[in-house]
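Below is one structure, written out as structure tokens; comments come after it.
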Amino acid sequence: MLVVNRFLTRIAVVTGWVALAFLAFMMVGISVDVVARAVAGRSVPGLFEMSEMSMVLVAFMGLGVTLLDDAHIRVTMLTDRLPTRAARLSTALAFALTALAFAMLAWPASAEAAYSFAIREFRWGAFQMPIWWAKMAVAAGLWFAALQALLRAALTVTGRPPEPSRTGHAPH
């Protein structure tokens, strides 16, 4: 189980870097667009569409690092008052239900991504922007988050702490 955890940690770090790259693109692109509108009076063609796609990828590629670092929103007021074993079991149940929720979102997202790829779906804007790849990334991010949450549930039940990530934060 720890080998799988290390493997998923490495994938999460990579997807986190992908999310960070798209975030950087958005920051630079929007800044360039603001300057272009101020100087030339018009936006950079296609930048709006690319920013939309980037925002989706930032959210769904960043899920892995969020789960890895316990950076998601958690309220521990109740579990902090429970005995250790009960707290561990209730936290594991919460992670298992989180995995189920991610899987329930990933299933239709996968079907939509497959359909989008089959028809080579694109978005009209300043130019035709293919969007099938972003839909595939959303589905992959959701499945990865489901797998990660399920592993986290198993680690929590057994009392094994997750491996600290390489992002500088150790999980709680």
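The values are calculated or read from the model by the stated rules, or taken from the named source; none is laboratory data. All values derive from a computational prediction rather than experimental measurement. So basically every Cβ, Gly included, is an ideal-geometry build from the backbone, and we count neighbours across all protein chains shown.
Some notes on this structure:
- Any hit, segment 85-94, residues being of a type in the set (S, T, N, Q) and in contact with a helix residue (DSSP H, G or I) (Cβ under 7 Å, 6 or more places away or on another chain): yes
- Selection within segment 102-144 - within 30 Å of Leu78 (Cβ to Cβ) and either in contact with a strand residue (DSSP E or B) (Cβ under 9 Å, 6 or more places away or on another chain) or surrounded by 14 or more Cβ atoms within 10 Å (Cβ to Cβ) (or both): Phe102, Ala103, Leu105, Ala106, Gly141, Leu142, Trp143, Phe144
- Of all residues making up segment 116-139, the number that are free of Cβ contacts under 8 Å to residues at least 60 places away in the same chain and not charged (D, E, K, R): 12
- Yes/no for Ser90 being at pLDDT 90 or above, among the polar types (S, T, N, Q) and farther than 18 Å from Thr9 by Cα: yes
- Hits in segment 48-58 (condition: of a type outside the set (D, E, K, R) and surrounded by 15 or more Cβ atoms within 10 Å (Cβ to Cβ)): Phe48, Met50, Ser51, Met53, Ser54, Val56, Leu57, Val58
- Taken over segment 22-47, the residue count meeting the criterion of being under 22 Å from the mean Cα position of the chain (by Cα) and surrounded by 16 or more Cβ atoms within 10 Å (Cβ to Cβ) is 5.
- Given (1) within 16 Å of the chain's Cα centre (by Cα); (2) modelled with pLDDT of 95 or more, number of the condition Ser54 does not satisfy: (2)
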